[in-house]
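Below is one structure, written out as structure tokens; the observations come after it.
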Amino acid sequence: MNPNFTSRLVALTLATFVVACGIYALPLVGLTQSKPAGKGNFKVGVSPLRQKKNVRLKMTAEDRQALQAVANDLNKVFILPQDVYLSMDDCGEANAFYDPSTKEIIMCTELIKYFEQAFAKEFEDKEEAAEAVDDSTMFVFFHELGHALIDIYDLPVTGREEDAVDQLSTLIVADGSEEGAASVFNGALSFAITDEGDLDDSAFWDEHSLGRQRFYNIICLLYGQDPKTHKDLVNDEVLPQARAQRCPSEYQRAEKAWGALLSPHLKN
């Protein structure tokens with residue numbers, strides 16, 4: 001795991017949740033909100049439920065140390081009712097997933113290799129390609145974190161859960177900085193480039209939106225966060241003007257919804 005990716009991930013973990021979600025942490029009128037007891041933590045390694053199967057992670061000491069830094073900062077933000085495990089492993093496919101049965105977020109090494117190959121074709125500059133790989137991996141991590149939070153807190157979701165956690169990842173990564181905006185763009189781009197070629201029926205019955213739909217939905221939220229700062233997305237015809245008009249309200253709704261859902265579970 002790239003050290004730059006790790007430090008960026010740790011910084012975002014702390015800063016964004018407090019700022020983006022903290023404004024919704026005030027008690028509701030006429031109701032008393034009490035913080036739930038936190039009995040769990042984010043931990044690195046294999047869940048005890050999988051340890052019984054003698055599972056051995058193919059995770060380097062560097063990766064373990066990097067994920068531990070992320071887990072430490074997540075534990076400063078969230079009140080968990082039970083443990084959630086973070087790991088990297090060989091999965092046999094380019095994927096990343098949250099397993100609700102074992103409470104694990106698993107980042108597959110094959111996914112990072114896939115990003116490396118895909119972005120090598122998109123960028124001639126090797127440094128830009130490497131940054132895109134880090135950005136996309138980070139976006140996917142927060143996407144999977146969204147699945148974990150929905151499960152662990154039993155959060156209500158209307159619509160596709162995959163779209164909802166894309167929103168959350170965008171809200172976290174788009175921290176108002178140029179670096180954050182670039183990270184969101186590269187994360188969105190990773191979905192767009194997977195739509196190359198003909199689409200079979202699985203693209204339509206799958207729980208995920210089409211890659212290009214995810215790209216535009218994410219870019220819309222980025223633009224909606226600050227239309228003046230991100231005006232080039234429209235000027236350069238990355239985002240159609242007809243969609244851009246609605247993006248500020250889409251961003252505000254997503255921010256308010258996720259803030260309201262997560263604020264009872266954030267540490268003061």
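Here are the numbers for this structure:
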item	result
Test: residue in the stretch 97-115 that is surrounded by 14 or more Cβ atoms within 10 Å (Cβ to Cβ), small (Gly, Ala, Ser) and either modelled with pLDDT of 90 or more or in a strand (DSSP E or B) (or both)	no
Checking GLY146 against (1) assigned to a helix (DSSP H, G or I); (2) within 13 Å of the chain's Cα centre (by Cα); (3) more than 22 Å from GLU250 (Cα to Cα), the condition it does not meet	(3)
Flag if ASP73 is surrounded by 15 or more Cβ atoms within 10 Å (Cβ to Cβ), in a helix (DSSP H, G or I) and either among the hydrophobic types (A, V, I, L, M, F, W, C) or modelled with pLDDT of 90 or more (or both)	no
Enumeration of residues in the stretch 155-181 that are among the charged types (D, E, K, R), more than 14 Å from the chain's Cα centre (by Cα) and over 16 Å from GLU250 (Cβ atoms)	GLU178, GLU179
Given (1) surrounded by 17 or more Cβ atoms within 10 Å (Cβ to Cβ); (2) modelled with pLDDT of 95 or more, index of the condition ASN235 fails	(1)
Qualifying residue in the stretch 81-90 (condition: among the polar types (S, T, N, Q) and either modelled with pLDDT under 90 or within 19 Å of LEU261 (Cβ to Cβ) (or both))	yes
Candidates GLY159, GLY146, filtered to the one that is surrounded by fewer than 19 Cβ atoms within 10 Å (Cβ to Cβ) and of a type in the set (Gly, Ala, Ser)	GLY159
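The values are calculated or read from the model by the stated rules, or taken from the named source; none is laboratory data. Predicted model only: the values in this text are computed from it and were never measured. A quick note on method: Cβ atoms are made from the backbone with ideal geometry, for glycine too, and the neighbour counts reach across all protein chains shown.
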